[in-house]
Amino acid sequence: MNTNSINTISKYLLLFLLILTGASCNDNDDAEDTSIPVLISQNINDGDVVGPSGYVELTFSKAMRQAPDTEIYFNGGVVRVSINYEKVRYTFSGMENKECTFEVPAGALTDMQGRAYDEDFFLSFTAKSEISGGGKVFDAIVDSKGNGDYTTLQAAINAITTPPTSPYKIFIANGTYNECVRINKNKPFVHLIGESRDGVKIQFALALTE
């Protein structure tokens, strides 16, 4: 066998090895994650005592979504949760001195490939107006339906009499707020936190003059 033949065979063998290596890498990259979602943690445990306003947050092992035609419950009523990748959250307010329950039936939450969290989740806790040692999540609750501390955002801001030196968190429940909101420069640490991106609408119509 001459040198040219050996070189040609060597080139084809090298090309064949490269093709096999590439196929192997592609197989590993495209390997499907077949694991089911796992609940990693929760911010409120069964039997806890919390403030009258706050949220229940569940953290899973992967990004989640709510399955179609399923329902999640707070105090027996159907509620809408917000989902940010692996975090599932329900925000509540106006629960002074009440026993609260949060329920996620098996299959109501799935990962992005449709694999369900197949366990029933049920949480029972107590909300009180005053809790020794803290536990307050928001400094003020705004709800246009009257279930919070204020019905307008401006009223909540005006109620801040002492300029805050740390984050002053105002929770805004879903709803439409027709108001022009002004925050004075002596209130630099005011944080506005909406219940959901699409559910909170703050709007104000300006009159045009010719």
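The values are calculated or read from the model by the stated rules, or taken from the named source; none is laboratory data. All values reported here derive from a predicted model rather than from experimental measurement. Cβ atoms come from the backbone with ideal geometry, glycine included; neighbour counts cover every protein chain shown.
Quick notes
- Any chance V78 is modelled with pLDDT of 90 or more, under 23 Å from the mean Cα position of the chain (by Cα), in a strand (DSSP E or B) and surrounded by fewer than 11 Cβ atoms within 10 Å (Cβ to Cβ): yes
- Residue within segment 122-143 that is surrounded by 19 or more Cβ atoms within 10 Å (Cβ to Cβ), in contact with a helix residue (DSSP H, G or I) (Cβ under 7 Å, 6 or more places away or on another chain), more than 30 Å from K62 (Cα to Cα) and not acidic (D, E) present: yes
- Criterion (over 27 Å from the mean Cα position of the chain (by Cα) and charged (D, E, K, R)) met by exactly one of K145, K185: K185
Residue-by-condition table, conditions (1) of a type in the set (S, T, N, Q); (2) closer than 24 Å to E96 by Cβ:
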position: V142; (1), (2): no, yes
position: Y150; (1), (2): no, yes
position: Q154; (1), (2): yes, yes
position: T165; (1), (2): yes, no
position: G175; (1), (2): no, yes
position: N178; (1), (2): yes, no
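- Residues being within 15 Å of A140 (Cα to Cα), hydroxyl-bearing (S, T, Y) and surrounded by 12 or more Cβ atoms within 10 Å (Cβ to Cβ) - total across segment 152-198: 2
- Among (1) modelled with pLDDT of 90 or more; (2) surrounded by 10 or more Cβ atoms within 10 Å (Cβ to Cβ) - the single one Q203 does not satisfy: (2)
- Condition check for N97: surrounded by fewer than 14 Cβ atoms within 10 Å (Cβ to Cβ) and modelled with pLDDT of 90 or more: no
- Single unsatisfied condition, A155 versus (1) modelled with pLDDT under 95; (2) more than 20 Å from the chain's Cα centre (by Cα): (1)
- Qualifying residue in segment 53-62 (condition: of a type in the set (K, R), farther than 25 Å from A173 by Cβ, crowded, with 16+ Cβ neighbours inside 10 Å and within 17 Å of the chain's Cα centre (by Cα)): yes
- Which numbered condition C180 misses (of (1) under 19 Å from P52 (Cβ atoms); (2) in a loop (DSSP other than H, G, I, E, B)): (1)
- Subset of segment 81-116 [hydroxyl-bearing (S, T, Y), under 17 Å from the mean Cα position of the chain (by Cα) and within 17 Å of D48 (Cα to Cα)]: Y90, T91, S93
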